[in-house]
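Structure record follows, encoded as structure tokens.
The values are calculated or read from the model by the stated rules, or taken from the named source; none is laboratory data. Model, not experiment: these values are computed from the prediction. Note that we place each Cβ from the backbone using ideal geometry, even for glycine, and neighbour counts take in every protein chain shown.
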Amino acid sequence: MDLLARQERVRRILAERRLEALLVTHVPNVRYLTGFTGSAGIALVTLEATHFITDSRYTLQAHGQVAARLFPAEDSHERAVADLIRRERLRRVGLEAERLSVARYEFLTRELGGSVQWVPTHGIVEELRMVKDAEEQRAIRQAVELAARVFSECLAEIRPGVRERDVAAELEYRLRRAGAERLAFETIVASGERAALPHGVASEKRIGYNEFVVIDFGVVVDGYCSDMTRTVYVGIPDGRAREVYHTVLEAQLRCETEMRAGMSAREIDALTRDLITARGYGAFYGHATGHGIGLEVHEAPRLSRQNDAPVPAGAVVTVEPGIYLPGWGGVRIEDVVIVTERGSEVLTPTPKELLVI
Ligand code: ZN
Ligand code: ZN
């Protein structure tokens, strides 16, 4: 992980935009640029140096960890930012438009008055984060493999009469025991009609007989996330259940096989959407095909109809089409893949044939 090279890339962007600094307030972006793994810190990247602001809770940690000049926040982080900007005599400073709160912005404009021109920027660091280096890919691979291993051990927990919440609890406990730093997001276990809710977090409902069960979960290893979904059938699937499952699977496999770097996110999305639409289920597939994954579980690039940008080699994304029929249930299948020049490398090793329990 070459933090200085990342900071240098930000500097080049600053120079192009005639900015003297970028105020980085989004914590995953701060981590990406400085190496800081704590939860409260701000980076200020100027043309000459990278400064890191944190308070006494984190100064010791930051000393050993952060590739930047430490600027302690004695009062508040915002006041330290204002002091630093004043000291460095900065006049044109970029801010992260999606990430800086109105309260902080108001404080800074009040503190620094008209001496600083604030320039909203969008996704400068997020765009750099899209392409994962070898070390980042290794961390994601570890998270994905850990999750897949524990999932296969937990399949026996899925049976009629067991509450969704108990399946989630068992899974989460074993994930932690296996080495997950934490869960990447709230575990989804959605059975029967609830499987039609794309984000049906585990509830009190007991798994019934002749139901799909959607399980979607992720872990964090070395700061990097995994995200996988498998849908299993409890009972004896009828023709429709098989048809819906195989439509989703076919769309998912097609996307993984045909995607490659340089295609736009919209084109990749179309690989799943066109197939599902052609089978008559387009109206029941409301979400995007996938999303980037890394320090955050949802990050750039979003593989959606609204995103025309090309997806670069080295991006790590999910491929997760689904069909959700209200009152009936739903199916989603999700892997993590690395986008390459020639196609994609699927990291998730878990089988995808319809598993009947
Ligand atoms: Zn997921
Ligand atoms: Zn996902």
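Give segment 251-297 a look and list any residue that's among the charged types (D, E, K, R) and touching a Leu at 6+ places or on another chain (Cβ under 6 Å), or say none. Don't jump to the end; show me each part of the working.
The initial filter retains those residues of segment 251-297 that are among the charged types (D, E, K, R), namely 254, 256, 258, 260, 266-267, 269, 273-274, 279, 296.
If the condition is that a residue be among the charged types (D, E, K, R) and touching a Leu at 6+ places or on another chain (Cβ under 6 Å), then 254, 258, 269 are the ones that fit.
With the requirement that a residue be in a loop (DSSP other than H, G, I, E, B) and within 16 Å of ligand 2 (Cβ to nearest atom), what does segment 344-353 give you?
Kept after step one, since they are in a loop (DSSP other than H, G, I, E, B), are these residues of segment 344-353: 347-353.
Of everything in segment 344-353, those that are in a loop (DSSP other than H, G, I, E, B) and within 16 Å of ligand 2 (Cβ to nearest atom) turn out to be 347, 348, 350, 352.
For segment 278-343, which strands (runs of 3 or more DSSP E) that fit wholly inside it have 1 or more residues that are hydroxyl-bearing (Ser, Thr, Tyr) and touching a residue at least 60 places away in the same chain (Cβ under 8 Å)? Don't jump to the end; show me each part of the working.
Values: elements: 290-292, 299-303, 316-319, 322-325, 329-332, 335-339.
The strands (runs of 3 or more DSSP E) meeting that bar are 316-319, 322-325.
With the requirement that a residue be touching a residue at least 12 places away in the same chain (Cβ under 8 Å) and either touching a Lys or Arg at 6+ places or on another chain (Cβ under 6 Å) or not β-branched (Val, Ile, Thr) (or both), what does segment 128-137 give you? I'd like the intermediate steps shown before the answer.
As a first pass, look at segment 128-137 and keep what is touching a residue at least 12 places away in the same chain (Cβ under 8 Å): 128-133, 135-137.
Within segment 128-137, 128, 129, 130, 132, 133, 135, 136, 137 qualify.
Among the helices (runs of 4 or more DSSP H) confined wholly to segment 1-117, which include 3 or more residues that are of a type outside the set (Ser, Thr, Tyr) and touching a helix residue (DSSP H, G or I) at 6+ places or on another chain (Cβ under 9 Å)? Show your work before the answer.
Values: elements: 3-16, 27-34, 59-65, 77-87, 102-112.
By residue number, 3-16, 27-34, 77-87, 102-112.
Please work out if residue 212 is touching a residue at least 40 places away in the same chain (Cβ under 8 Å), out of contact with any Phe, Trp or Tyr (no Cβ under 6 Å at 6 or more places or on another chain) and crowded, with 23+ Cβ neighbours inside 10 Å.
On the way: touching a residue at least 40 places away in the same chain (Cβ under 8 Å): yes; out of contact with any Phe, Trp or Tyr (no Cβ under 6 Å at 6 or more places or on another chain): no; crowded, with 23+ Cβ neighbours inside 10 Å: yes.
In short, no.
Whether any residue in segment 84-93 is under 29 Å from the mean Cα position of the chain (by Cα) and modelled with pLDDT of 95 or more is what I want to check.
Pass one, segment 84-93, residues under 29 Å from the mean Cα position of the chain (by Cα): 93.
Next, only the ones that are modelled with pLDDT of 95 or more stay: 93.
Scanning segment 84-93, I find at least one residue that is under 29 Å from the mean Cα position of the chain (by Cα) and modelled with pLDDT of 95 or more, so the answer is yes.
Got at least one residue in segment 313-323 being within 16 Å of ligand 2 (Cβ to nearest atom) and over 27 Å from residue 154 (Cα atoms)?
Yes: segment 313-323 contains one or more residues that are within 16 Å of ligand 2 (Cβ to nearest atom) and over 27 Å from residue 154 (Cα atoms).
Please verify whether segment 226-246 includes one or more residues that are assigned to a strand (DSSP E or B), within 28 Å of residue 32 (Cα to Cα) and β-branched (Val, Ile, Thr).
Of the residues in segment 226-246, the ones assigned to a strand (DSSP E or B) are 228-234.
Filter once more, keeping what is within 28 Å of residue 32 (Cα to Cα): 228-229.
Next cut, β-branched (Val, Ile, Thr) only: 229.
Within segment 226-246 (the criterion being assigned to a strand (DSSP E or B), within 28 Å of residue 32 (Cα to Cα) and β-branched (Val, Ile, Thr)), the answer is yes, since at least one residue qualifies.
Quick one: how many residues across segment 216-259 are in contact with an Asp or Glu (Cβ under 7 Å, 6 or more places away or on another chain), more than 16 Å from ligand 2 (Cβ to nearest atom) and of a type outside the set (A, V, I, L, M)?
1
Where the second residue is aromatic (Phe, Trp, Tyr) and surrounded by 13 or more Cβ atoms within 10 Å (Cβ to Cβ) and the first is free of Cβ contacts under 8 Å to residues at least 24 places away in the same chain and lies in segment 2-30, which pairs have Cβ atoms under 7 Å and are six or more apart or on separate chains?
If the second residue must be aromatic (Phe, Trp, Tyr) and surrounded by 13 or more Cβ atoms within 10 Å (Cβ to Cβ), the pairs left are 30/36.
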